[in-house]
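Below is one structure, written out as structure tokens; the observations come after it.
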Amino acid sequence: MNKKTKEMLEYLKLTYLLKQWDEVIEQAEKNDQSYDKFLKIIIKNEFEDRSEVARANRVKRAKIPNDFTMETYPFEDQPHLNRKRLLQRYDSLDYINKNRNLVFIGPSGTGKTGLASSVLRHAINSGHSGRFIEFSSLMEELLNSIADQSSKKVIKRYANYKCLLIDDLSFLEADKAEIGLFYSLIQKRYKQSCTIITTPLGFSDWNKIFNNKQLTDALIGRLSDNGHIVNLKNCKVIRTEPDID
């Protein structure tokens, strides 16, 4: 490859050809390919290479703090978990295609975060944008946005993710303004995208977090309407690592 050709490929961002130029030329000569087939192979490989780079970038931007996949979850240790139903939703991308929410409820250590992260990763690998964030971190970001008057910008950013995983919704101190912004985010995402929540608390305890029954009922309604509840309350603790739950 001469310098001019390399510069043009770099300008066009044809990374596959940049990396595999000699191999592509060698294979074309060896297989005596037609121009049509030769071009189709180049286009296909360039597309696949670019798609993989885009996928890897989406995963990186999602900030998922673990490498769990659905295949690594020990379903055999959890007979009370409806594996078939969960895998059906997972494999069909029902939660993405129909903008359904998912709420994983159960004690710490049952694998809620691992399962939820697997669902998020599957959505990202399938071409959708996604983000992982802990509930406490999200609430802190919303609180800070009040001070610098960037609330609309922050809500818009999180609302734009096709799949948003909010991990470990549990007790914390929050004021009305902060809680109101959280509800605004959930409302903005309602039936427009998929929101995934993991929590050790049943819905009956959520009012203790938000300290506002009307808002709590509305929030639960938005998350459960057209959504799925994955109940791990009767599941046993299978791991103790802090990055599971």
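Just one of the numbered conditions (1) out of contact with any strand residue (DSSP E or B) (no Cβ under 7 Å at 6 or more places or on another chain); (2) farther than 24 Å from Arg55 by Cβ; (3) in a helix (DSSP H, G or I) is not true of Arg157: (2). Filtered by the rule that a residue be of a type outside the set (Gly, Ala, Ser), surrounded by 22 or more Cβ atoms within 10 Å (Cβ to Cβ) and in a loop (DSSP other than H, G, I, E, B), region 109-135 gives a lone residue, Thr110. The requirement of being touching a helix residue (DSSP H, G or I) at 6+ places or on another chain (Cβ under 8 Å), in a helix (DSSP H, G or I) and hydrophobic (A, V, I, L, M, F, W, C) is not satisfied by Leu81. Return yes or no: is Asn97 free of Cβ contacts under 8 Å to residues at least 24 places away in the same chain, over 12 Å from the mean Cα position of the chain (by Cα) and not assigned by TED's automatic domain parsing to the domain that holds Ser150? Judged against the criteria, Asn97 is not a match. Taking Leu164 as the residue in question, decide whether it is buried (at least 20 other Cβ atoms within 10 Å of the Cβ) and in a loop (DSSP other than H, G, I, E, B). Taking the combined requirement at face value, the residue does not satisfy it. With respect to the conditions (1) of a type outside the set (A, V, I, L, M, F, W, C); (2) surrounded by 15 or more Cβ atoms within 10 Å (Cβ to Cβ); (3) at positive phi, Asn101 falls short on a single one, namely (3).
Among residues that are at pLDDT below 95 and either outside the structural domain of Phe47 (by TED's automatic domain parsing) or β-branched (Val, Ile, Thr) (or both), Ile124 is not included. Of the set (1) of a type in the set (Val, Ile, Thr); (2) under 12 Å from the mean Cα position of the chain (by Cα); (3) at pLDDT below 95, all apply to Ile146 but (2). Residues considered: Lys176, Lys213, Lys156, Lys152. Of these, the only one that is exposed (fewer than 13 other Cβ atoms within 10 Å of the Cβ), over 22 Å from Leu86 (Cβ atoms) and touching a Ser or Thr at 6+ places or on another chain (Cβ under 9 Å) is Lys152. Considering only residues in region 84-94 that are of a type outside the set (D, E, K, R) and part of a helix (DSSP H, G or I), the one that is nearest to the chain's Cα centre (by Cα) turns out to be Tyr90. Restricting attention to region 229-240, does a residue exist that is more than 23 Å from Gln88 (Cβ to Cβ), in contact with a strand residue (DSSP E or B) (Cβ under 9 Å, 6 or more places away or on another chain) and outside any loop (DSSP other than H, G, I, E, B)? The answer is no; no qualifying residue exists. Evaluation of Gly221 against the conditions (1) under 16 Å from the mean Cα position of the chain (by Cα); (2) assigned to a helix (DSSP H, G or I); (3) surrounded by fewer than 16 Cβ atoms within 10 Å (Cβ to Cβ) shows that the sole unmet condition is (1). Within region 136-154, being in a helix (DSSP H, G or I), free of Cβ contacts under 8 Å to residues at least 40 places away in the same chain and not β-branched (Val, Ile, Thr) holds for Ser136, Ser137, Glu140, Glu141, Leu143, Asn144, Ser145, Ala147, Ser151, Lys152, Lys153.
The values are calculated or read from the model by the stated rules, or taken from the named source; none is laboratory data. Keep in mind it's a predicted model, so treat the numbers as computed, not measured. FYI the Cβ positions are ideal-geometry reconstructions off the backbone, even for glycines, and counts take in every protein chain you see.
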